[in-house]
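Take a look at the structure set out below.
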Amino acid sequence: MRGIGRVLVAVYGVLALAAVGRSFVQIASKFDEAPLAYALSALAAVVYVVATVALIRSGRGWYRVAWLTIAFEFAGVIVVGGLSIVEPSLFPHDTVWSRFGHGYLFIPLVLPVLGMWWLATHRPVPAEREADAA
Amino acid sequence: MIEWFTWVQLAVAVAAGLLCLILGLAGRVPGDLANGSLALVELLLVVQLVVAIAAPAFGNEPTGSVLEFYTYLVGALLLPPAAVFWALLERSRWSTVVLGVAALAVAVMVYRMLQIWTVQQA
């Protein structure tokens, strides 16, 4: 991952840090209040970390992992974000995806779109060409 | 938490962030100015950590969650070294932009810390 993609990785890293931090605080101090929401927070945090790593690493395997995790995030922010507006009683406690990432400057909504655009325009080179290049 | 100091720190982090973004978008590789501005941001965070540890002894208690406050502070302390490490490793204009992103993220986190200390109810 080169060039401006580095900035994408950096923003992913910061979001992963934010999600892990918030999830840690929620689980350490008030997990009993909303186990579902906070478990979801923790899952989202782990997925952000994996996505960050997958964007940094090269190769077809990591490329697939990056697609999976970023698509999962996008689905998460759309589904949870939508439900939290239509049916707020389902998510009385904030998650990273509530109201489309409102608490995180909407970064969770924008980032997966940029990530998928990046992946679509930067396919990994086939194995034999990779060997040639090396 | 000393409020005026926190506002100064916030202003420095925003200024460093904008400076690095501008330098990076102008095509500069990370130099002493960009790395130095991040070092200053980190130094102020260390001062903030010392102040936060000492403040309760002087009757200056946080109104909100201490755990959340320190999670932000420790997270913020990690960012500038990580960004500078990256900048030393890869000398491209985008590393300068990454320095700016890190400084702006620190600014957001310092603002959250101020809210937790002064207005959040535990």
- Message: Among the residues in segment A:14-32, are any without any contact (Cβ under 8 Å) to a residue 60 or more places away in the chain and away from chain B (no Cβ under 14 Å)?
- Response: yes
- Message: Among the residues that make up segment B:47-62, is at least one of them away from chain A (no Cβ under 11 Å) and touching an Asp or Glu at 6+ places or on another chain (Cβ under 6 Å)?
- Response: no
- Message: Looking only at residues that are surrounded by 15 or more Cβ atoms within 10 Å (Cβ to Cβ) and assigned to a helix (DSSP H, G or I) in segment B:1-15, which one is nearest to the chain's Cα centre (by Cα)?
- Response: B:Ala13
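For segment B:32-49, how many residues are without any contact (Cβ under 8 Å) to a residue 12 or more places away in the chain and over 14 Å from the mean Cα position of the chain (by Cα)?
Looking only at segment B:32-49, we keep the residues that are without any contact (Cβ under 8 Å) to a residue 12 or more places away in the chain, and these are B:32, B:36, B:43.
Still in the running and over 14 Å from the mean Cα position of the chain (by Cα): B:32.
Of the residues in that region, 1 qualify.
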- Query: Out of A:Ala54, A:Ala39, A:Ala45, which single residue is over 18 Å from A:Gly13 (Cβ atoms) and under 17 Å from the mean Cα position of the chain (by Cα)?
  - Reply: A:Ala39
- Message: Is it the case, given these coordinates, that B:Thr96 is closer than 15 Å to B:Gly24 by Cβ, in contact with a helix residue (DSSP H, G or I) (Cβ under 8 Å, 6 or more places away or on another chain) and either touching a residue at least 24 places away in the same chain (Cβ under 8 Å) or more than 9 Å from chain A (Cβ to nearest Cβ) (or both)?
- Response: yes
- Message: Can you name every one of the helices (runs of 4 or more DSSP H) wholly within segment B:16-122 that holds 1 or more residues which are surrounded by 15 or more Cβ atoms within 10 Å (Cβ to Cβ) and touching a Cys at 6+ places or on another chain (Cβ under 8 Å)?
- Response: B:32-54, B:93-118
- Item | Test for A:Val11: is it surrounded by 16 or more Cβ atoms within 10 Å (Cβ to Cβ) and either at the interface with chain B (Cβ under 9 Å from one of its Cβ atoms) or without any contact (Cβ under 8 Å) to a residue 12 or more places away in the chain (or both) | yes
- Among residues belonging to segment A:33-45 that are touching a residue at least 24 places away in the same chain (Cβ under 8 Å) and part of a helix (DSSP H, G or I), point out the one that is farthest from the other protein chains (Cβ to nearest Cβ). A:Leu40
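Does segment A:111-134 hold any residues that are at pLDDT 65 or above, surrounded by 11 or more Cβ atoms within 10 Å (Cβ to Cβ) and outside any loop (DSSP other than H, G, I, E, B), and which are they? Before the answer, list the steps.
First pass over segment A:111-134, keeping only residues at pLDDT 65 or above: A:111-125.
Pick out the ones that are also surrounded by 11 or more Cβ atoms within 10 Å (Cβ to Cβ) and you get A:111-119, A:122, A:124-125.
Once the filter is applied, which keeps residues that are at pLDDT 65 or above, surrounded by 11 or more Cβ atoms within 10 Å (Cβ to Cβ) and outside any loop (DSSP other than H, G, I, E, B), segment A:111-134 yields A:Leu111, A:Pro112, A:Val113, A:Leu114, A:Gly115, A:Met116, A:Trp117, A:Trp118, A:Leu119.
In segment A:82-89, is there at least one residue being in contact (Cβ under 8 Å) with a residue 40 or more places away in the chain, touching a helix residue (DSSP H, G or I) at 6+ places or on another chain (Cβ under 9 Å) and small (Gly, Ala, Ser)? Break it down stepwise before answering.
Applying the first criterion (in contact (Cβ under 8 Å) with a residue 40 or more places away in the chain) to segment A:82-89 yields none.
No, segment A:82-89 contains no residue that is in contact (Cβ under 8 Å) with a residue 40 or more places away in the chain, touching a helix residue (DSSP H, G or I) at 6+ places or on another chain (Cβ under 9 Å) and small (Gly, Ala, Ser).
The values are calculated or read from the model by the stated rules, or taken from the named source; none is laboratory data. Source: prediction; values computed, not measured. Heads up, the Cβs are rebuilt from the backbone with ideal geometry, glycines too, and the neighbour counts pull from every protein chain shown.
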